[in-house]
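Undergrad: Below you'll find the structure I mean.
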Ligand SMILES: CC(C)(COP(=O)(O)OP(=O)(O)OC[C@H]1O[C@@H](n2cnc3c(N)ncnc32)[C@H](O)[C@@H]1OP(=O)(O)O)[C@@H](O)C(=O)NCCC(=O)NCCS
């Protein structure tokens with residue numbers, strides 16, 4: 001198993017291509033959909049944290065700090081390296097880091113019914129929030145605007161999921 005580590009400046013130029021490659025997995029269920037991938041330098045400049053695996057990276061987890069709430073903005077692994085446990089390991093490392101930062105919960109938005117989205121996150125301890133619960137999140141307006149800009153709900157039911165985190169004393 002490859003180690004999970006904090007992204008370094010040399011990793012950043014690779015992240016856009018990792019995301020583009022990973023997203024091609026959606027072609028099997030959504031057809032020829034192409035989403036804009038963010039640059040690694042944009043990701044690194046946001047409040048939050050960025051974990052990678054591989055050197056050069058073949059997968060990453062990007063967690064945004066939205067005014068103190070931690071939210072998984074992206075999780076992706078190159079198709080050639082998928083289904084080897086890397087995505088799960090990145091997600092678990094992201095949850096550990098979030099717990100070490102003292103938050104009680106981490107959130108994400110995903111497709112409810114695509115196997116490597118909602119069901120994958122359910123297996124990793126995330127649960128769907130009701131529309132009312134999601135509406136109460138202080139950053140929901142900002143997230144919905146980002147979702148709408150990419151027309152994500154055109155392709156399936158989008159859901160907010162959350163995982164409660166046990167308090168942690170460890171830190172990366
Ligand atoms: C989600 C993602 C990061 C998982 O990475 P990964 O390294 O394959 O993750 P793991 O190996 O830990 O677990 C993969 C599990 O996802 C599901 N999965 C992955 N690819 C699948 C496929 N083509 N068909 C059905 N299920 C699939 C399976 O449950 C699989 O477990 P299994 O191999 O034991 O059956 C990867 O699929 C990806 O990059 N997808 C495209 C981007 C994306 O959807 N990101 C999440 C946005 S919210």
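Undergrad: Considering the chain as a Gaussian network with a 10 Å cut-off on Cα pairs, which listed residue, 133, 74, 82, attains the greatest mean-square fluctuation?
TA: Of 133, 74, 82, the Gaussian network model singles out 133 as fluctuating most.
Undergrad: Which residue, 39, 130, 28, has the most motion in a Gaussian network model of the chain that connects Cα atoms within less than 10 Å?
TA: Result for the chain, Cα springs under 10 Å: 28 fluctuates most.
Undergrad: Dividing the alpha-carbon Rg of the chain by 2.2 N^0.38 Å yields what?
TA: That works out to 0.97 for the chain.
Undergrad: Rounded to the nearest 0.05, what FRET efficiency do residue 105 and residue 32 give with R0 = 25 Å and r taken as the Cβ-Cβ distance? Could you check?
TA: E(calc), rounded to 0.05, equals 0.10.
Undergrad: Please compute the length gained on full extension between residue 42 and residue 8, using 0.36 nm multiplied by the number of residues separating them and subtracting their Cα-Cα distance.
TA: Numbers: separation 34, 0.36 × 34 = 12.24 nm, distance 1.33 nm.
Additional length available on full extension: 10.9 nm.
Undergrad: What is the range 4-164's relative contact order, in percent, from Cα pairs under 8 angstrom and six or more apart in sequence?
TA: Relative contact order here is 20 percent.
Undergrad: Another question about this same structure. Based on the Cα gyration tensor of the range 43-103, what are the three equivalent ellipsoid semi-axes, each the root of five times an eigenvalue, rounded to whole Å and given largest first? Provide the component values of the computation, followed by the final result.
TA: On the way: eigenvalues 91, 29, 15 Å².
Working from the Cα gyration tensor, I get semi-axes of 21, 12, 9 Å.
Undergrad: Length gain on complete extension for the stretch residue 24 to residue 145, per 0.36 nm per residue less the alpha carbon to alpha carbon distance?
TA: The residue 24-residue 145 span can extend by a further 41.2 nm.
Undergrad: Rank 100, 127, 146 by mean-square fluctuation in a GNM of the chain with C-alpha springs under 10 angstrom and give only the top-ranked residue.
TA: Sorting by GNM fluctuation, first place goes to 146.
Undergrad: Using the Kirkwood formula over every pair of different C-alpha atoms, what hydrodynamic radius in Å results for the range 108-172?
TA: 13.0 Å
Bear in mind that the values in this text are calculations on the coordinates, not laboratory data. Keep in mind it's a predicted model, so treat the numbers as computed, not measured. A quick note on method: Cβ atoms are made from the backbone with ideal geometry, for glycine too, and the neighbour counts reach across all protein chains shown.
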